[in-house]
Amino acid sequence: METGSPHDTGTAGTDGPAVPGGEEPVWIALPPGLLKMRRLLLVVWLGLLTLATALVPGLLAGPGWAAFALLPLALLIWGWVLLGRNWRSWRYAERADDLLISRGVLWRQETIVPYGRMQLVEVASGPVERHFGLASVQLHTAAAATDATIPGLDPAEAERLRDRLTELGEARSAGL
């Protein structure tokens, strides 16, 4: 059983990266709109699959075969739980010299992007994200393998973060 709201900001316990000077980063969780969007897409796609799996075998081979519709329904329930766990695992923190992005339930990934290494910060929002009032921030660095994306942010927060990261990146790269 979990305590506290996953929407609250808080400090990382022992599960976050070590911070010089003993300060813990202030982690910011993703807004609940991302979870809502992903769960709705799950219900739509697996709902359609459940209907198709019930109707097609039920009409062609008899009503007993319509029991196969329970498989996509079980996937829907399992996916609902997994999406919630995945959404709660995403968080980010702005520190003095870098941005931390943490994600993953089974395989935890912590990405540290130094402000001076950022080359481009872009805000993207596809049609489904726009419908739900969400945007993603994508960070591009010199390292091609860096996957620094923060999905599901409020567009105003995404733009604020983009502007702040761009400003800090320019200041840090000018000092190199």
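Data table
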| quantity | calculated |
| --- | --- |
| Some residue of region 92-104 being among the β-branched types (Val, Ile, Thr), within 19 Å of residue 152 (Cα to Cα) and in contact with a Ser or Thr (Cβ under 6 Å, 6 or more places away or on another chain) | yes |
| Which listed residue, of 113, 81, is under 18 Å from residue 33 (Cα atoms) and either β-branched (Val, Ile, Thr) or modelled with pLDDT of 95 or more (or both) | 81 |
| Test: residue 64 is open to solvent by less than 90 Å² (accessible area, probe 1.4 Å), farther than 29 Å from residue 126 by Cβ and modelled with pLDDT under 95 | yes |
| Test: residue 5 is modelled with pLDDT under 85 and either touching a strand residue (DSSP E or B) at 6+ places or on another chain (Cβ under 8 Å) or not in a helix (DSSP H, G or I) (or both) | yes |
| Checking residue 107 against (1) assigned to a helix (DSSP H, G or I); (2) surrounded by fewer than 19 Cβ atoms within 10 Å (Cβ to Cβ); (3) not charged (D, E, K, R), the condition it does not meet | (1) |
| Long-range neighbours under 7 Å by Cβ, at least six apart or interchain, first residue among the aromatic types (Phe, Trp, Tyr) within region 62-91, second open to solvent by less than 40 Å² (accessible area, probe 1.4 Å) and assigned to a helix (DSSP H, G or I) | 65/57; 65/58; 68/53; 68/57; 80/42; 87/34; 87/35 |
| Members of region 119-168 found to be surrounded by 14 or more Cβ atoms within 10 Å (Cβ to Cβ), aliphatic (A, V, I, L, M) and at pLDDT 90 or above, listed by number | 121, 123, 134, 135, 137, 139, 150, 153, 158, 161, 165 |
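The values are calculated or read from the model by the stated rules, or taken from the named source; none is laboratory data. Note that the coordinates shown come from a computational prediction; the quantities given were computed from them, not determined experimentally. Note that we place each Cβ from the backbone using ideal geometry, even for glycine, and neighbour counts take in every protein chain shown. These accessible areas exclude ligands, DNA and RNA; they are computed on the full protein's heavy atoms, side chains included. Shrake-Rupley method; radii C 1.70, N 1.55, O 1.52, S 1.80 Å.
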